[in-house]
Amino acid sequence: MQRVWTKTWEAGAERIIAAGISCRAYMAGLLLLTFAIAACAPNVVQGAVQEDTFSVGRSSKLTVLSDGGNIDVIAGHPA
Amino acid sequence: MIVVQTSFQKADLLTYEVTHDGDTVTVSAKQLPGLRNLSKVNRPAANITITAPGDTFVDIATGRGDIAIEGMRASGKLVTSGGSISLDDAKGAFEGDSADGDINIFNMAGRVSFEAMNGTVSAKQSKGAFELATSDGHIYLQGELTPGGRNGFLTSNGNVVAEIAGSQVFEF
């Protein structure tokens, strides 16, 4: 009787270990997939800089309308 | 010449456009419609740095973010709904509002009219006419008032500290 119980316990433990390994593999796969999607997404540009240059006259006007972000205006280039 | 340099955060959630019409340059960075309750890290943002002739008129409004003006010699309007405003080494007439941010004016010559909602308003080493107000914060003025200018200092919950230089006589 005790031998049967031991065998049952061993079999159960093996199943738990197998399930743990399977779970870890699944989580690792999910993490890799997340990294892959983030790396391939073309529009998520962190820190990309766009530069535009315009010639203006002396009575120039600058309008900025933004929903979010810092805005710095520095006197520099002549008209 | 006006140079606009912009770096993006979550650019796929923004519509960004720079247009040029005669002597007017317009920069627009709008969040895509339907985006609500985004966490701070997921909010789109366009951090814009502009170099322009000093005599350019500026009209700037941002929903979240700070506005900094340096060395401009014309006039302008500056509004931020969540951030600070700084005006450094400027001349002319400037006005604006900030919410949840301080307004700092330094080495200014001219006329300013600014109001902060929940923030300190400070004008230092400046000369001109000052209308400064805040709903919850202090007001500091250290500078010179020009004769005939319109001046006013108003706070609902804070102190007003004024150090007036010059030989003019004023009545408070």
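The values are calculated or read from the model by the stated rules, or taken from the named source; none is laboratory data. Predicted model only: the values in this text are computed from it and were never measured. Cβ atoms come from the backbone with ideal geometry, glycine included; neighbour counts cover every protein chain shown. Just so you know, the surface numbers come from the protein's heavy atoms only, side chains and all, with ligands and any DNA or RNA stripped out. Shrake-Rupley method; radii C 1.70, N 1.55, O 1.52, S 1.80 Å.
Here are the numbers for this structure:
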read-out: In region B:150-172, the residues that are in contact (Cβ under 8 Å) with a residue 12 or more places away in the chain, exposed (fewer than 14 other Cβ atoms within 10 Å of the Cβ) and not in a strand (DSSP E or B); value: B:Arg150, B:Ser156, B:Asn157, B:Asn159, B:Gly166, B:Gln168, B:Phe170
read-out: Counted residues, region B:1-47 - those being more than 7 Å from chain A (Cβ to nearest Cβ) and of a type in the set (Val, Ile, Thr); value: 3
read-out: The listed residue being among the charged types (D, E, K, R), open to solvent by 10 Å² or more (accessible area, probe 1.4 Å) and more than 22 Å from B:Lys77 (Cα to Cα), out of B:Glu144, B:Glu115, B:Glu131; value: B:Glu144
read-out: Of the criteria (1) within 7 Å of another protein chain (Cβ to nearest Cβ); (2) at pLDDT below 75, which one A:Gly68 fails; value: (2)
read-out: Count - residues of region A:55-74 that are out of contact with any Phe, Trp or Tyr (no Cβ under 7 Å at 6 or more places or on another chain), more than 26 Å from B:Leu32 (Cβ to Cβ) and not polar (S, T, N, Q); value: 4
